[in-house]
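The values are calculated or read from the model by the stated rules, or taken from the named source; none is laboratory data. The structure displayed is predicted, hence computed values, not measured ones. Reconstructed Cβ throughout: ideal geometry from the backbone, glycine too, with neighbour counts over all protein chains shown. Just the protein is used for accessible areas: all its heavy atoms, side chains included, with ligands, DNA and RNA removed. Shrake-Rupley method; radii C 1.70, N 1.55, O 1.52, S 1.80 Å.
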Amino acid sequence: MSPVLAGVLQLIALVAALALAYRPLGDYMAAVYSSPKHLRIEKVIYRCIGAHADAQMRWPAYLRAVLAFSAVGVLLLYLLQRVQGGMPLSLGFASISPDQAFNTAASFVANTNWQSYSGEQAMGHVVQTAGLAVQNFVSAATGMAVAIALVRGFARSRTGDLGNFWADLVRGTVRVLVPIAVIGAVVLVACGAIQNFSGIHEVGQFMGGSQQTIGGAVASQEVIKELGTNGGGYFNGNSAHPFENPDAFTNLFEVFLILVIPFALTRTFGKLVGNVKQGYAVLATMGIIWLGFTALMMWTEFAHGGPALEAAGAAMEGKETRFGIGGSAIFSVATTLTSTGAVDSFHSSFTAFGGGIQLLGMMLGEIAPGGVGSGLYGMLVMAIIAVFIAGLMVGRTPEYLGKKIGTRQIKLAACYILITPTLVLGFTAASMVLPDALGSMLNTKALGAGSHGFSEVLYAFTSGANNNGSAFGGLNANTPWYNTTIGLAMLLGRFLPMVFVLALAGSLAEQKPVPETAGTLRTEKPLFAGLLVGTILIITGLTYFPALALGPLAEGLS
C-alpha cells in the first residue's frame, strides 16, 4: 500500500468514527447541560465548595466565578511546583524556578499546556497527577461552560440569566470528561501506553551504555490531554513518545479524542437553541476548513520537492516512522486547528509551507473545530461578524438565531477578534528587537535562518495567545523573557476573550426574539456556511498575511 493511500484511508476512518459519535455525544451533552437534576456526587462537590448550583447567574456573576476559579487554580499549581522538592514521589527533582512555575501554572490553567521544560526531567508524580492532570480536566470544563453560557444567551429571552458556572463546571467534568477519559485510558493501556508510579530506571542499550527512563500515570494523562484539547506531554517527546502513543492505531485514536467533543458540541448547540440545522451549518463550516487544511498539509508533505526529500521518499525529517507522513499530517492539522498543542512529530521540520499551514490554523482562532468549548464560542462570534457583513450588503439590520445584532454586539465581537492578534504581533515584534530574546533562536546560520527564526518566535506567541501549546522547535523558550511574556499571552489570550463572550451572551439573553420574515438571512443554509468560511479566511488573512510573508512564505520561496 502506498503511503498516500494509507494516509487517505486513515482520514476516511477518522471521519467515519467522528460521524458515528457526533449525534449520540452531542445529544448527551445537551441533556447534561439542560438537566434540572444533580447527581449525588455533584451534590457532595457543591457542598464542599459552598456553591448554590440552582442559582441563576447573569454574565458579571458568571464571569467572576470563571476568573476566581481560574485564579485559584494558577496559585495552587504555582505553589505545588515551588514546593515539589520537599514532597513525596518527586523522583528527586528540585522545585521549579519562579518564572517557569508561573509559566507552567498559567499554561495549564489557560488550557494551553505550553511547556518550556522536559516533563521527565522536571516534574514528579504528584505535580503531574495532582497538578497538571487535574487542570487538564477543569480547564477544559471551564471552556465548555463558557460555550454553553453563550448558547444559552441565544436560547433565552428577556432574562439575562446564563445558568450557573459551578453546575456547568462540575457537570462537564463529572458527566462528560471523566467517563470518556476512563474508557480512553483503558484503550491506551491495552494498546501499550504505561500507567504506573514507578521511579527512575537505568536501561541498557544495544550498542552499549545506558539511559534513564521513568514511569508515571501516562495513559490517564494522555487521554485527557487530547480529549480536553490540552496537549501537555508527560514526556518531552509528547505524543511521539511510545509510552504515550505506542502505534498507528493509538495515533489515530488520539486524533479522534482531540476532535470528538469540539465537533459534537455543534450538535449540542443545535439542540439547545431548538434548531439542529443551525448546528449542522456550524459543523459544515468547521468541517470544510478542517478537511481543506488536512488535504493541503498532506499534499505539501507528500510532494517532497528537492533532492534530500526525493531520496527520503517524502518529507520524513522529524516524523515518526510508526506514523508516517499521513498520520503525522492528520495529527498536526488536528492539533493546530484545535487548542490542543500535542504533537506526534517535530513541527519545525515540516516543509516551510507545512509550517505555514500550522501557523495559519492557529491564527484562524482555532475554530475548526477549535478547542473544547472555545472552538464553539469562537465560531459563533465569527458567525455574528458574518451576519453583520451580510446585513451591510443588503441594508438590513442583522439577526442571528432571532436576536438582533446591534452596535453593542458588534463592538463586543470586534474586541474578541482583536485581542489575540494584538498579543501575537505585539510580543513577536518586541522579541525581534530585544537582543536577549533574539539570542534564544538556535537557527542562525542555515539557509533561510532569518525567516525560519522569525517563524519560531511568531509560532511561540501564536501558540501561547491562542492557547494551543505546541512549539515550532529551535527556540529556547525557557528564559525569563519568554516564560513571562508567553505566560502573560496565555492568560490574556484565554480570559480576555471570555470577558467579551460572556458580555455578549448576557446582551443576547436580555433580548426578546424577533420573528423571521422574508428578508431574514437563513443561517442554516449552505450559502451562510460559505459566507462564514470566507469571513474567517479574509479576516485572518488581512490580519496576519504580512507576518506570514516574513516567515514561512519567505522561507518556502527562498
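Per the Kirkwood definition applied to all pairs of different Cα atoms, how many angstroms is the hydrodynamic radius of the stretch 512-554?
Its Kirkwood hydrodynamic radius stands at 13.1 Å.
What is the pair-distance distribution P(r) of the chain, computed from all Cα-Cα distances in 10 Å bins starting at 0, with each bin given as a whole percent?
4, 19, 30, 28, 15, 4, 1, 0
Grab the other residues whose beta carbon is less than 15 angstrom from that of Arg23, score K and R as +1, D and E as -1, and report the net.
+2
What ranking of Thr159, Thr485 comes out by heavy-atom accessible area, probe 1.4 Å, highest first?
In descending accessible area the options line up as Thr159, Thr485.
Among 24-35, 273-284, 320-331, how do they line up from the highest to the lowest mean number of other beta-carbon atoms within 10 Å?
In decreasing order of mean packing, 24-35, 273-284, 320-331 become 320-331, 273-284, 24-35.
So who's got an amide H within less than 5 Å of the one on Thr338, skipping anything under 5 residues away but keeping other chains? H placed 1.01 Å off N, in plane.
Gly370
What whole-number value in Å² describes the accessible area per residue of the chain for a 1.4 Å probe?
Accessible surface, normalised per residue, equals 38 Å².
Heavy-atom accessible area of Glu301 with all protein chains present, probe 1.4 Å, nearest 10 Å²?
For Glu301, solvent-accessible area is about 0 Å².
I'd like to know how the stretch 68-195 sits against the 2.2 N^0.38 Å rule of thumb: what's its Cα Rg over that expected value?
Here the answer is 1.24, to two decimals.
About the Cα centre, and with charges only on the beta carbon of Lys, Arg (+1) and Asp, Glu (-1), how big is the dipole of the stretch 1-87? Nearest 20 debye, please.
Here the stretch 1-87 has a charge dipole of around 300 debye.
Farthest toward the dipole's positive end in the chain, which of Ile417, Ala145, Ser558, given Cβ charges of +1 (Lys, Arg) and -1 (Asp, Glu) about the Cα centre?
Ala145
Using a 1.4 Å probe on the protein heavy atoms, what percent of the accessible area of the chain belongs to carbon and sulfur?
The computed percentage sits at 68.
Could you give the dipole magnitude of the chain about its Cα centre, charging the beta-carbon of Lys and Arg +1 and that of Asp and Glu -1, in debye to the nearest 20?
So the dipole magnitude of the chain works out to roughly 2260 debye.
Take each of the peptides 369-377, 47-55, average the number of other beta-carbon atoms within 10 Å over its residues, and list them starting from the highest.
Answer by packing, highest mean first, reads 369-377, 47-55.
What pairs in Lys403/Lys525; Lys404/Lys525; Lys277/Lys411; Lys37/Lys525; Lys271/Lys403 have C-alpha atoms more than 25 Å from each other?
Table pairs above 25 Å Cα-Cα are Lys277/Lys411; Lys37/Lys525.
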